[in-house]
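Everything on this sheet refers to the single structure shown next.
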Amino acid sequence: MTPTYTLNLFDILPGKEAMYQKYSVEAGRIIFALGGKVLCSGWHPTTLRGEETRSYLIVVEFPTLEAVHQFLYKPEHAAVHKLREDSTDNYIWKIMEPWDLKTWVAFPSLK
């Protein structure tokens, strides 16, 4: 079983913070029930490189790609996702598969 990660970059719409907080609680319940977990979350408006800016970040680990699909596409989760859609802007949501950097780049000290 290979874990799958989602990278979420977004802005919360002004005045919609409580709605996004409700989404976070409800989505968290679903994610944890599917065996997933939030690995990190953060906020900062500084962009170091590039033109794109987003103020918020969340990285979620799901046990499988199927669990991601269950979270996203089960009809009973639609109302929860509507909370996210109505409270955020500039959403980038990527599915990322693990990448073992040690096998990609030869670091003598890691052998």
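The values are calculated or read from the model by the stated rules, or taken from the named source; none is laboratory data. Computed from a predicted model, the values in this text were never measured in an experiment. All Cβ positions, even for glycine, are placed from backbone atoms using ideal geometry, and neighbour counts span all protein chains on display.
Tabulated data for the structure shown
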quantity	calculated
Neighbours by Cβ (under 6 Å, 6+ apart or cross-chain): first from the range 12-24, part of a helix (DSSP H, G or I); second surrounded by 13 or more Cβ atoms within 10 Å (Cβ to Cβ) and at pLDDT 95 or above	M19/L83; M19/S87; Y20/I12; Y20/S87; K22/L83; Y23/L83; Y23/R84
Total residues in the range 82-102, condition free of Cβ contacts under 8 Å to residues at least 40 places away in the same chain and either in contact with a Ser or Thr (Cβ under 9 Å, 6 or more places away or on another chain) or in a helix (DSSP H, G or I) (or both)	4
Filter result for V59 (surrounded by 11 or more Cβ atoms within 10 Å (Cβ to Cβ), free of Cβ contacts under 8 Å to residues at least 24 places away in the same chain, assigned to a strand (DSSP E or B) and not aromatic (F, W, Y))	no
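Let's see how each residue does on (1) loosely packed, with under 13 Cβ neighbours inside 10 Å; (2) aromatic (F, W, Y); (3) at pLDDT 95 or above; (4) closer than 18 Å to N90 by Cα:
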| site | (1), (2), (3), (4) |
| --- | --- |
| S24 | no, no, yes, yes |
| G35 | no, no, yes, no |
| C40 | yes, no, yes, no |
| E51 | yes, no, no, yes |
